[in-house]
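Participant: Structure provided below as structure tokens; questions to follow.
The values are calculated or read from the model by the stated rules, or taken from the named source; none is laboratory data. Just so it is clear, the structure is predicted and the values come from calculations on it, not from any experiment. Here the Cβ positions follow ideal geometry from the backbone for every residue, glycine too, while neighbour counts run over all protein chains shown.
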Amino acid sequence: MLILIKIIVSVIIVLTLVYISERNPKLGGIITGLPLGTGIMISFYSYEHGIDFVLTSLPYGIAGMISTIAFGIGFYLGGKNKFTKNIYRVILSLTTGLTFYLFTSYILSFIKINFILSIVIFLSGVFFAFVFYRKVSDSYNIVIKTNNFSNIFFRIILTSSIVLLITGSAGFIGTKWAGLIASFPTILCPLLIILAFLYNGRIYPVLLKHLSYAVSNILVFYLIVNFTFPVIGAVYGIILAYFICILYLLILNKLNIHKRKIAESSTNDKIIP
């Protein structure tokens with residue numbers, strides 16, 4: 001039953017994000033910044049291994065988000081290859097992303113990370129990603145693909161396999177690597193693969209650009225979990241964390257809309273003689 005819940009929740013999230021990103025990749029990037037995959041991992045970690053296990057792994061979970069940022073950068077760079085066949089282009093993007101992720105996680109595994117250091121590492125990664133994606137254009141031009149059975153089935157199998165592999169490994173790898181693995185882009189990974197297969201590199205760079213600052217929502221989530229789990233327990237702690245993260249997301253989206261209106265107004269002023 002637990003396995004079925006993992007699959008259903010993850011598949012619904014990924015399919016929803018694909019739908020949103022096809023129509024508005026900027027909003028898709030902001031929503032992807034929600035602790036979607038991380039929240040699933042933490043929820044099942046607390047259920048299967050207890051609150052103490054979760055709290056012990058939190059500093060590595062926070063610092064481990066830099067590995068997720070590295071995954072996105074690697075996927076983006078890998079997508080700039082010259083392969084004509086889309087499947088080879090996506091495979092190289094995924095391979096590069098996973099290489100960046102594993103290398104960054106491997107380096108982190110040698111560092112004795114406390115709570116303060118984890119926040120410093122995370123914020124450094126967010127700043128680097130924000131600068132890295134700064135020149136990525138927000139413009140995109142696509143024809144939304146029609147879904148069919150094979151397309152949807154592929155998305156379900158891909159998402160289910162990734163979620164089950166990551167959540168199932170926690171009991172064997174200990175709290176340090178569990179924290180790092182909890183930050184694996186469980187939702188982002190299949191989302192990028194699907195968008196890359198469907199639209200090459202026309203959508204996901206825009207999504208990654210806006211995810212670069214929206215990912216700060218994950219830090220908010222981890223901080224709430226750290227301070228609420230020992231007091232009110234995992235269930236209410238998760239509910240409160242998501243409530244605050246959604247408010248934070250709404251603020252980010254509001255600021256993004258305001259920024260876009262200012263940019264459009266500035267452009268119109270330049271056009272008017």
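Participant: Against the conditions (1) exposed (fewer than 12 other Cβ atoms within 10 Å of the Cβ); (2) modelled with pLDDT under 90; (3) part of a helix (DSSP H, G or I), where does LEU249 fall short? Just the number, please.
Facilitator: So LEU249 meets the others, but not (1).
Participant: Please go through the range 91-112 and pick out each residue that is buried (at least 20 other Cβ atoms within 10 Å of the Cβ) and either part of a loop (DSSP other than H, G, I, E, B) or touching a residue at least 60 places away in the same chain (Cβ under 8 Å) (or both).
Facilitator: Just the residues of the range 91-112 that are buried (at least 20 other Cβ atoms within 10 Å of the Cβ), to begin with: 93, 96-97, 100-101, 104-105, 108.
Selection gives SER93, GLY97, TYR101, SER105, LEU108.
Participant: Still on this model: Residues of the range 214-246 being surrounded by fewer than 16 Cβ atoms within 10 Å (Cβ to Cβ) and under 17 Å from the mean Cα position of the chain (by Cα), which ones?
Facilitator: Matches in the range 214-246: ILE246 only.
Participant: Could I ask something else about it? Scan the range 113-122 residue by residue and report those that are surrounded by 15 or more Cβ atoms within 10 Å (Cβ to Cβ) and either acidic (Asp, Glu) or in a loop (DSSP other than H, G, I, E, B) (or both).
Facilitator: ILE113
Participant: Go through (1) over 13 Å from the mean Cα position of the chain (by Cα); (2) closer than 26 Å to LEU252 by Cα; (3) of a type in the set (Val, Ile, Thr) one by one and return the number of the condition ILE51 breaks.
Facilitator: (2)
Participant: Out of the range 131-147, which residues are surrounded by 15 or more Cβ atoms within 10 Å (Cβ to Cβ) and outside any loop (DSSP other than H, G, I, E, B)?
Facilitator: PHE132
Participant: Checking the structure you have, find out if any residue of the range 47-69 is hydroxyl-bearing (Ser, Thr, Tyr), surrounded by fewer than 21 Cβ atoms within 10 Å (Cβ to Cβ) and not in a helix (DSSP H, G or I).
Facilitator: Checked the range 47-69: no residue is hydroxyl-bearing (Ser, Thr, Tyr), surrounded by fewer than 21 Cβ atoms within 10 Å (Cβ to Cβ) and not in a helix (DSSP H, G or I).
Participant: Just to be sure, is GLY125 of a type outside the set (A, V, I, L, M), part of a helix (DSSP H, G or I) and at pLDDT below 80?
Facilitator: Considered against the rule, which asks whether it is of a type outside the set (A, V, I, L, M), part of a helix (DSSP H, G or I) and at pLDDT below 80, GLY125 comes out as no.
Participant: Please verify whether the range 3-13 includes one or more residues that are farther than 25 Å from ILE203 by Cα, of a type in the set (Lys, Arg) and assigned to a helix (DSSP H, G or I).
Facilitator: Yes; the residues of the range 3-13 include at least one that is farther than 25 Å from ILE203 by Cα, of a type in the set (Lys, Arg) and assigned to a helix (DSSP H, G or I).
Participant: Please work out if SER105 is closer than 30 Å to ARG202 by Cβ, at pLDDT below 90 and within 18 Å of the chain's Cα centre (by Cα).
Facilitator: Details: closer than 30 Å to ARG202 by Cβ: yes; at pLDDT below 90: yes; within 18 Å of the chain's Cα centre (by Cα): yes.
In short, yes.
Participant: Another one. Would it be correct to say that ILE203 is hydrophobic (A, V, I, L, M, F, W, C) and at pLDDT 90 or above?
Facilitator: It is true that ILE203 is hydrophobic (A, V, I, L, M, F, W, C) and at pLDDT 90 or above.
Participant: Here is a follow-up. Can SER57 be described as closer than 26 Å to TYR236 by Cβ, in contact (Cβ under 8 Å) with a residue 60 or more places away in the chain and not aromatic (Phe, Trp, Tyr)?
Facilitator: Yes: the conditions hold for SER57.
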